Amino acid sequence: MTEELLRVEGLEAGYGAYKVLHGVSFDLSNGQNIGFFGPNGHGKTTLFETISGLIRQTAGKIIFDGTDITNASSDAIVEMGLVHVAQGNTLFPDMTVMEVLQLGAFPKRSRQKLRSNLDRAFSIFPRLTARRSSKCKTLSGGERQMLNLATGLMACPRLLILDEPTLGLSPRLKEELVRPISDIENSGVSLILVEQDLEFLLLLVQRLLLLNHGRITKRIDRQSEQVSHQEIMEEYFGVAVTHES
Amino acid sequence: MSLDAFTSVLLSGLVLSSLYALLASGLSLVWTTLGIFNFAHGVLMAVGAYVTWQISQSIGETYWIGYSIALMIVVMVMLGAVLEYVLIRPFYGNKNIVLVTVMTTLAGLTFLENGIQAVWGPRLKQLPPLIDGNISIHGLLTLSAHEAVIIVVSPLILIGLYYFLNYSIIGKSIRAVGQNQKAAKLMGINVSRSFILTFGLAAALTGIAGAFYGGLRLMNPTMGSEPLVKALIVVIFGGLGNISGTIAAAYLIGFLEAFLIYFIGLYWTPSLLFLFMIFVLIFRHEGLFGESARTTT
Amino acid sequence: MSILLEVKDVTRTFGALKALDGVSLSLRKGEILGIAGPNGSGKSTLFNVISGIPFHATTGLISYDDQEITRVRPHEIYRAGLARTFQKDCEFSSLSVRDNVLVGAHFSSLREEMHDDTAIEYALDLVGVEESKRSQKAENLSVFDKKRVMIASSVVSKPKLLMLDEPASGLTKPEVNQLCELILAINRTGVAILVIEHIIALLLKVAPRLLILNEGKLLAEGTASEIIVNKDVIEAYLGGSTHP
Amino acid sequence: MSRIKTQATVATICFALLCFLPLFVTDSYIRHLMILAFIFAVVACSWDISLGYAGLFNFGHVAFFGIGVYTTGVLARNYGFDPWLALPAAGVMAGISAIPIAIPVLRLKGIYVVLVTFAFSQLCLQLVLSQSWLTGGSGGLVRIPPLTLFDYNFARDGKFAYYYVALVLLVFTVIALTRFVKTPFGRGILALRDNPDYAAARGINQAAIRVTVLVVSAIPAGLAGGLYCLYFRISAPEVFSFGTATLVLSMLLVGGTSTIYGPVAAAFCIVLFSEYLENFPDLNVYKHLVIAAVIIAILRLAPDGLAGLAKRLTMRLIKDN
């Protein structure tokens, strides 16, 4: 179980002259889950878009399951089982829930499993069953997030990147998402989870990485260290907190 | 208006509508998926007609024209792919892509139009009809068998297109690319392949319209320019990026045009159509049948 | 001190989503008020409805300098003396740095006073953009310089209220410190400042009074030291709703 | 030497050369080509104001040119106006007709602007075709009186006087437009194009800018149309056609948008290049093929047009020295 699934080495990327990632390195073994957190605009989304092939890196290397995917196209990456569920993804406004789920199984490796994956998606997210023929644009925020997650599952992922799946959700809806996400986890899929909500993250992952100004500035291992709120607050709000209080 | 005149207006309206629908659905498909407006779309109609003619000359005129049309479709799909590769692909990511592709597709139009002239010369040509003879129904209504084929086959092709886009996984992936490219990529859809496919499909639909048209009237290299302008009006009426709206609008405009020509004459009809188009754009730019417009770049 | 900006029970909805849900606040002349809150809490929406860009409030009332501006067109709001900045895309990319500021001056109510370029140079001096960079195209500047030029293009119009939208995003720590100095310096010239930030650290340094938004509602209000020990605030930021 | 100074020097030298050219070149065919280039350069560089500087996908600019052609034609031919009066009237008429075009443009963006302006130019064409009592229909208006000065007939001097009229129009247009975009208001046009939200937050009224831009860009196009009509002494509906729009648009894009001098330079290149191809009778059918291929190649290799290419080259020269 300690076989390596993903390794990112010295990744640098950005938009034109504006560099967002300044050498990010981390790895993830099979069956492990890691969480990312950190203030907005510090490169989390850029990091995952680079891993999933939407943005080209300017330096560094990405290895997935022993294969170098640094320059692979996004569809080849999905085909290998590395699936990225983007943040606040609006999906396809004029398509129905059912159509989106079918498209989720677009990669060849998942097409044969369409039926069983659909059953699984509907059993994890029963709410989607009732909405199966509604267009995406009529879905509520919570339903969209569920559809996002379910669509990611349809591709038979081996590693699922979830970028802020609870963004904009009420506390009650957030709570509702904990169970499905841990179900996904228990089905043998590795997770990279991004969250602003630390408590939520700690429920689901073994390791926490803090991304700050395009660098990983803190790594917290949940098993070995006692997570201190005070410490994280400091990282999060900057030194000013301790100075002022 | 006598019954006779009414039925003949109705018929010419139906034939026009069918051709507009084939042309406009391709134009709309390219717009929806790639977000660009293909001004070379109309000339593809002429290319389709000429290619069909050339094939029918090569394989011999004893063969039914339908075989030539089938081969032409293959050629058009490839030509569409080539056009996408040459005229559109180099400009992805260009911040002025809408404008630059207006220019490159206009240049493509010039190229193809003059290309036809260069290859096939200025002599007028005509394709044989799909079926010879006339059809008369109760003496009320007489039309050529070729027109009848156009009226019947075009909707069948469009229904086929509708089913392809809505019920096949490849069709769905094309629609997905049009609605959200990034999300489509993240689902493992190869966006550039979808683009090429879309262009090929649009070229094939237009080519079919051209082959039909070539059996009705004499062919010339600019035969597609007026239908393109009509297709543009159709696409606006139907709502950009809305295939079923486009098809409905094609039939609406076809009939409207036929009746306007009958009632107010050939001269005022185009002016009125353009005026309608401007008003639709101002007050309902999602089109008459559209519910939501694609947000433009 | 008299009230400069008053927001009363403002709501903004997008379909079923309530991005702002009955928010009220007031700002006195010359005051710095900080607004913080987690992502998606409605901070930017609040700025958008006040400045009218790109949309207005669904319900509620916003008044500025004793005039109602709830539905006033954005360029008129600016001419009345209320200038805002943006978190991203902070430049007119094809214009030079000077022209970026010139635009801010020319289209303000001060056009008649703009006989020479001293006001522009003064604004650029104030924000600290070097002389050598002032003829460059704005798109070639660093993120921090772009932000400074954007601030210059607003202070050049002598606004009464400056609204800063997450000014520290994308900046390094030393730059954030410089930014704090700049905000305080502008404030000393008598400009009231409304600043939203995701990172509370910046606000703690510049704003004596803070508001915390969460899920479109006002969660807490008070001085810096009151806010950081507030249970609700810690919960909103770091979660806890899932844990007792 | 700074870039601006270089530009000014080059422009002055070009101007001086063009001033003296007819004194040495007596071939009326070359003069004719230059007049064509001048007229199209005016249309192309005025289009640059709305398309390049304001970023409005205005596809109906050629309609302003056509309106100019027909205003002058109708006034001089049908109503007996002095051509010297009918010419400025073309500019005025084009400027006025920009206002109804501006109304839909204010509410739309992107491709919708292309479509509505395109519809407008098609509408103009259809009106011209259908009102044959006024416009001569598809045959157009012929035998329009030429410009004259006292007894001097501009049409009978081997294109000498028309050369200078067209040159003056071009020079005034270039100077006026260059100045216009350098004013603070002109900077506002660019600001609005670059970043509409930020522009609104700095007091820029989008509606006011768009109306002004369309009117300002329409006037030179109308004047060019008026001159075109007096020079060729016909008003033909082809001026509204796809072909004319393609020709001018290619000048604009090949020259490089938002530069003014780029489209002017490209107008010369394209007019002369396409005439040069006429020298090869064998090439006749392929001429347009070659032009289309060259345009695609230039757009691909030099996305900022010739002006962008020139800029890159001078930058390299400055660096090398």
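What are the residues in the range C:92-108 that are open to solvent by less than 40 Å² (accessible area, probe 1.4 Å) and more than 7 Å from every other protein chain (Cβ to nearest Cβ), if any? First the steps, then the outcome.
Restricting attention to the range C:92-108, the residues satisfying the condition of being open to solvent by less than 40 Å² (accessible area, probe 1.4 Å) are C:92-97, C:99-108.
Answer for the range C:92-108, where residues must be open to solvent by less than 40 Å² (accessible area, probe 1.4 Å) and more than 7 Å from every other protein chain (Cβ to nearest Cβ): C:S96, C:V97, C:N100, C:V101, C:A105.
Going through the range C:12-34 one residue at a time, which ones are in contact with a helix residue (DSSP H, G or I) (Cβ under 7 Å, 6 or more places away or on another chain) and crowded, with 20+ Cβ neighbours inside 10 Å?
Matches in the range C:12-34: C:R12, C:A19, C:L20, C:V23, C:I32, C:G34.
Take the residues in the range C:208-241 that are of a type in the set (S, T, N, Q) and modelled with pLDDT of 80 or more, then tell me which one is most open to solvent (accessible area, probe 1.4 Å).
Top of the filtered list is C:T223.
For the structure I just gave you, tell me whether A:A86 is in contact with a helix residue (DSSP H, G or I) (Cβ under 8 Å, 6 or more places away or on another chain) and more than 11 Å from chain B (Cβ to nearest Cβ).
The answer is no for A:A86.
Taking B:F255 and the conditions (1) more than 30 Å from A:A76 (Cα to Cα); (2) buried (at least 19 other Cβ atoms within 10 Å of the Cβ); (3) touching a residue at least 12 places away in the same chain (Cβ under 8 Å); (4) not charged (D, E, K, R), which numbered condition does it fall short on, given that it satisfies the others?
Status for B:F255: all satisfied but (2).
Would you confirm whether any residue within the range C:121-129 is aliphatic (A, V, I, L, M), more than 21 Å from D:L190 (Cα to Cα), out of contact with any Phe, Trp or Tyr (no Cβ under 7 Å at 6 or more places or on another chain) and open to solvent by 30 Å² or more (accessible area, probe 1.4 Å)?
Yes; the residues of the range C:121-129 include at least one that is aliphatic (A, V, I, L, M), more than 21 Å from D:L190 (Cα to Cα), out of contact with any Phe, Trp or Tyr (no Cβ under 7 Å at 6 or more places or on another chain) and open to solvent by 30 Å² or more (accessible area, probe 1.4 Å).
Which residue pairs have Cβ atoms closer than 6 Å, lie 6 or more positions apart in sequence or on different chains, and pair a first residue in the range B:204-223 that is more than 20 Å from B:V30 (Cβ to Cβ) with a second residue that is among the basic types (K, R)?
B:M219/B:K125
Pick from D:S138, D:S97, D:S132: which is open to solvent by 10 Å² or more (accessible area, probe 1.4 Å) and closer than 20 Å to D:A218 by Cβ?
Checking each option against the conditions leaves just D:S97.
Conditions tested, residue by residue: (1) on the phi < 0 side of the Ramachandran plot; (2) free of Cβ contacts under 8 Å to residues at least 12 places away in the same chain; (3) hydrophobic (A, V, I, L, M, F, W, C).
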site	(1), (2), (3)
B:M103	yes, yes, yes
B:T110	yes, yes, no
B:E113	yes, no, no
B:A118	yes, yes, yes
B:S136	yes, yes, no
B:E147	yes, no, no
B:G178	yes, no, no
B:Q181	yes, yes, no
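For B:G66, which of the numbered conditions (1) assigned to a helix (DSSP H, G or I); (2) without any contact (Cβ under 8 Å) to a residue 12 or more places away in the chain fails to hold?
Unmet for B:G66, out of (1) assigned to a helix (DSSP H, G or I); (2) without any contact (Cβ under 8 Å) to a residue 12 or more places away in the chain: (2).
Collect the residues in the range B:106-120 that are open to solvent by less than 80 Å² (accessible area, probe 1.4 Å), under 30 Å from D:L252 (Cβ atoms) and not aliphatic (A, V, I, L, M), keeping them in residue-number order.
Those that are open to solvent by less than 80 Å² (accessible area, probe 1.4 Å), under 30 Å from D:L252 (Cβ atoms) and not aliphatic (A, V, I, L, M): B:G108, B:T110, B:E113, B:N114, B:G115, B:Q117.
For the subset of the range C:35-70 comprising residues that are within 14 Å of chain A (Cβ to nearest Cβ) and on the phi > 0 side of the Ramachandran plot, which member is most open to solvent (accessible area, probe 1.4 Å)?
C:G40
Given (1) surrounded by 20 or more Cβ atoms within 10 Å (Cβ to Cβ); (2) in contact with a helix residue (DSSP H, G or I) (Cβ under 7 Å, 6 or more places away or on another chain); (3) at pLDDT below 75, identify the lone condition not met by C:V195.
Checking C:V195 against (1) surrounded by 20 or more Cβ atoms within 10 Å (Cβ to Cβ); (2) in contact with a helix residue (DSSP H, G or I) (Cβ under 7 Å, 6 or more places away or on another chain); (3) at pLDDT below 75, the one that fails is (3).
From A:L47, A:L91, which residue is open to solvent by less than 30 Å² (accessible area, probe 1.4 Å), facing chain B (nearest Cβ under 9 Å) and closer than 23 Å to A:F200 by Cβ? Walk me through it before giving the result.
Numbers: A:L47 fails: facing chain B (nearest Cβ under 9 Å).
Of A:L47, A:L91, the one residue that is open to solvent by less than 30 Å² (accessible area, probe 1.4 Å), facing chain B (nearest Cβ under 9 Å) and closer than 23 Å to A:F200 by Cβ is A:L91.
Inside the range D:235-294, can you point out the residues that are more than 19 Å from D:V171 (Cα to Cα), of a type in the set (A, V, I, L, M, F, W, C) and not in a helix (DSSP H, G or I)?
Passing the criteria: D:A236, D:F280.
Among helices (runs of 4 or more DSSP H) lying entirely in the range A:91-150, which contain 3 or more residues that are over 18 Å from A:G81 (Cβ atoms) and in contact with a strand residue (DSSP E or B) (Cβ under 9 Å, 6 or more places away or on another chain)?
Output list is empty.
Only residues that are closer than 20 Å to B:R193 by Cβ, of a type in the set (A, V, I, L, M) and open to solvent by 10 Å² or more (accessible area, probe 1.4 Å): list them for the range A:56-84, please.
Listed by number, the residues that qualify are A:A72, A:A76, A:M80.
If the Cβ limit is 7 Å and pairs must be 6+ apart or interchain, which residue in the range B:78-100 that is within 12 Å of another protein chain (Cβ to nearest Cβ) pairs with which residue that is open to solvent by 60 Å² or more (accessible area, probe 1.4 Å) and part of a helix (DSSP H, G or I)?
B:P90/D:R300
Only one residue in A:A13, A:A72, A:A76 is more than 8 Å from every other protein chain (Cβ to nearest Cβ), assigned to a loop (DSSP other than H, G, I, E, B), aliphatic (A, V, I, L, M) and under 19 Å from B:L186 (Cα atoms). Which one?
One residue alone meets the criteria, A:A72.
Give the residue that is farthest from C:V10 (Cα to Cα), with candidates limited to residues of the range C:43-76 that are under 14 Å from the mean Cα position of the chain (by Cα) and not hydroxyl-bearing (S, T, Y).
Within the range C:43-76, the first condition is being under 14 Å from the mean Cα position of the chain (by Cα), and the residues that meet it are C:43-53.
Next, from what is left, pick out any that are not hydroxyl-bearing (S, T, Y): C:43, C:46-50, C:52-53.
Working: C:K43: 12, C:L46: 8, C:F47: 11, C:N48: 12, C:V49: 9, C:I50: 10, C:G52: 13, C:I53: 15 Å.
The selected residue is C:I53.
When residues of the range B:259-282 are filtered for being assigned to a helix (DSSP H, G or I), open to solvent by 10 Å² or more (accessible area, probe 1.4 Å) and either touching a Gly at 6+ places or on another chain (Cβ under 8 Å) or within 13 Å of another protein chain (Cβ to nearest Cβ) (or both), how many remain?
13
Return the only residue of D:P100, D:P104, D:P83 being under 23 Å from D:F57 (Cβ atoms) and under 22 Å from the mean Cα position of the chain (by Cα).
Selected residue: D:P100, the only one of D:P100, D:P104, D:P83 that is under 23 Å from D:F57 (Cβ atoms) and under 22 Å from the mean Cα position of the chain (by Cα).
Check D:G68, D:G73, D:G60 and return the single one that is within 30 Å of D:L134 (Cβ to Cβ), in contact with a strand residue (DSSP E or B) (Cβ under 8 Å, 6 or more places away or on another chain) and touching a residue at least 60 places away in the same chain (Cβ under 8 Å).
Details: D:G68 fails: in contact with a strand residue (DSSP E or B) (Cβ under 8 Å, 6 or more places away or on another chain); D:G60 fails: in contact with a strand residue (DSSP E or B) (Cβ under 8 Å, 6 or more places away or on another chain).
Result: D:G73 is the single residue among D:G68, D:G73, D:G60 that is within 30 Å of D:L134 (Cβ to Cβ), in contact with a strand residue (DSSP E or B) (Cβ under 8 Å, 6 or more places away or on another chain) and touching a residue at least 60 places away in the same chain (Cβ under 8 Å).
Among C:K137, C:K146, C:K205, C:K158, which is the only one that is over 14 Å from the mean Cα position of the chain (by Cα), more than 14 Å from chain A (Cβ to nearest Cβ), surrounded by fewer than 24 Cβ atoms within 10 Å (Cβ to Cβ) and touching a residue at least 24 places away in the same chain (Cβ under 8 Å)?
Testing whether each residue is over 14 Å from the mean Cα position of the chain (by Cα), more than 14 Å from chain A (Cβ to nearest Cβ), surrounded by fewer than 24 Cβ atoms within 10 Å (Cβ to Cβ) and touching a residue at least 24 places away in the same chain (Cβ under 8 Å) leaves just C:K158.
Would it be correct to say that B:K185 is within 14 Å of chain A (Cβ to nearest Cβ), surrounded by fewer than 19 Cβ atoms within 10 Å (Cβ to Cβ) and not hydroxyl-bearing (S, T, Y)?
no
If I ask for residues that are closer than 20 Å to B:M72 by Cβ, open to solvent by less than 50 Å² (accessible area, probe 1.4 Å) and in a helix (DSSP H, G or I), which ones from the range B:121-152 would you list?
Correct list: B:H146, B:V149, B:I150.
I'm told B:T32 meets every condition in (1) more than 19 Å from the chain's Cα centre (by Cα); (2) more than 19 Å from D:S250 (Cα to Cα); (3) within 14 Å of chain D (Cβ to nearest Cβ) except one. Can you identify the failing condition by its number?
In the conditions (1) more than 19 Å from the chain's Cα centre (by Cα); (2) more than 19 Å from D:S250 (Cα to Cα); (3) within 14 Å of chain D (Cβ to nearest Cβ), B:T32 misses (1) alone.
The values are calculated or read from the model by the stated rules, or taken from the named source; none is laboratory data. Keep in mind it's a predicted model, so treat the numbers as computed, not measured. All Cβ positions, even for glycine, are placed from backbone atoms using ideal geometry, and neighbour counts span all protein chains on display. Heavy atoms of the whole protein, side chains included, go into the accessibility calculation; ligands, DNA and RNA do not. Shrake-Rupley method; radii C 1.70, N 1.55, O 1.52, S 1.80 Å.
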